[in-house]
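Let me begin by presenting the structure, written as structure tokens, before commenting on it.
The values are calculated or read from the model by the stated rules, or taken from the named source; none is laboratory data. Bear in mind the structure is a predicted one, so any value in this text is a computation, not a measurement. In this analysis, Cβ positions are derived from the backbone assuming ideal geometry, glycine residues included, and neighbour counts consider all displayed protein chains.
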Amino acid sequence: MRMFSWRSFRMWQRNRDVFLRLWHSEAPGTIVEPLIILVAMGLGLGAYVTLTDNQDYIEFIVPGIVCSYAMFSVFGECTYGTFFRMEERKTFDAIIATPLNVEDVIAGEIFWGATRSLMTGSVILVVALAFQQVDSWWTLLVPFLSFYHGVMFASIAVFFTSVAPSFYTFNHVFTLFVTPMFFLSGVFFPLSDFPQVVQNLSWIAPLTPVVHLTRALFEGEFHLIHLVVAGYILLVTIVFFALALFIMRRRLTV
């Protein structure tokens, strides 16, 4: 497996330019859906939910909404979007005929996915600010964290894309992987409320450590465990980044 080079920026730049032409068709969903979730779950269901430390329910779910919807934007971009560019438009075949190699193209895809995570996380952070749910200055680091974990989620998504025979495969990815993470990673309920087996399994899910770190930024409280969690995210990123590059090279050079 070869390493990617600075030319991967050109792939990132290509995706950015396309997004800037079409952003108006995607922007409403990025804002409206999290807004509905915050209103329905935070204010609606929150009126009936009492947390053990007397924390408002909407205050509890905001960090999870920020990072989980950033994750959704990454998976949408780097599964359906990447597959469309690779198989339907043959964009990758055209680009690797230039000085860019496969690794440059795939790294550019991953970094663009992370950029989408940064943008989505930042937009929802502004929504949270409008709901007066931002009290800590540490939340200024949320966009950086969104990019950090965005690289991880993009690497995982591109890995799934590298082995996907068709668009229909992503139905299984979202049904069996993404959606369970959304509900079982501490976004809506404290992990301590789940059975011990579910708690242990939830930490295998990549979203759980991300929710944990994001919530720490919103609360402004950090402990040694958060360094371990950040290291775990980095480890998962390295593994799936390498797998994505390796398998995509085999797929695109057959």
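Numbers for the structure displayed
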quantity: Looking only at the stretch 50-61, and only at residues there that are among the aliphatic types (A, V, I, L, M) and part of a helix (DSSP H, G or I), the one that is surrounded by the fewest Cβ atoms within 10 Å (Cβ to Cβ); calculated: ILE58
quantity: Residue tally, condition of a type in the set (Gly, Ala, Ser), surrounded by 21 or more Cβ atoms within 10 Å (Cβ to Cβ) and under 14 Å from the mean Cα position of the chain (by Cα), over the stretch 99-144; calculated: 4
quantity: Per-region count, the stretch 127-162, residues farther than 21 Å from HIS212 by Cβ, touching a residue at least 60 places away in the same chain (Cβ under 8 Å) and assigned to a loop (DSSP other than H, G, I, E, B); calculated: 1
quantity: Output for the stretch 26-43, where each listed residue is modelled with pLDDT of 80 or more and surrounded by fewer than 15 Cβ atoms within 10 Å (Cβ to Cβ); calculated: VAL32, GLU33, ILE36, VAL39, ALA40
quantity: Extreme residue, nearest to GLN13 (Cα to Cα), among residues of the stretch 62-98 that are surrounded by 18 or more Cβ atoms within 10 Å (Cβ to Cβ) and out of contact with any helix residue (DSSP H, G or I) (no Cβ under 6 Å at 6 or more places or on another chain); calculated: GLY81
quantity: Selection within the stretch 1-15 - assigned to a helix (DSSP H, G or I) and surrounded by 13 or more Cβ atoms within 10 Å (Cβ to Cβ); calculated: SER8, PHE9, ARG10, MET11, TRP12, ARG14, ASN15
quantity: Matching residues in the stretch 45-57 - criterion: being under 15 Å from GLN132 (Cβ atoms) and touching a Phe, Trp or Tyr at 6+ places or on another chain (Cβ under 7 Å); calculated: GLY46
quantity: Candidates MET152, MET71 - the one that is under 10 Å from the mean Cα position of the chain (by Cα), at pLDDT 95 or above and closer than 23 Å to TRP23 by Cα; calculated: MET71
quantity: Within the stretch 163-254, helices (runs of 4 or more DSSP H) holding 2 or more residues that are farther than 14 Å from LEU145 by Cα, out of contact with any Cys (no Cβ under 6 Å at 6 or more places or on another chain) and in contact (Cβ under 8 Å) with a residue 40 or more places away in the chain; calculated: 169-173, 179-184, 224-252
quantity: Residue selected from the stretch 163-197 under the condition loosely packed, with under 14 Cβ neighbours inside 10 Å and hydrophobic (A, V, I, L, M, F, W, C), by the criterion nearest to ILE61 (Cα to Cα); calculated: PHE183
quantity: Every pair of residues 6+ apart whose Cβ atoms lie under 6 Å, when the first sits in the stretch 62-73 and is within 12 Å of ALA128 (Cα to Cα) while the second is assigned to a helix (DSSP H, G or I) and among the charged types (D, E, K, R); calculated: PRO63/ARG215
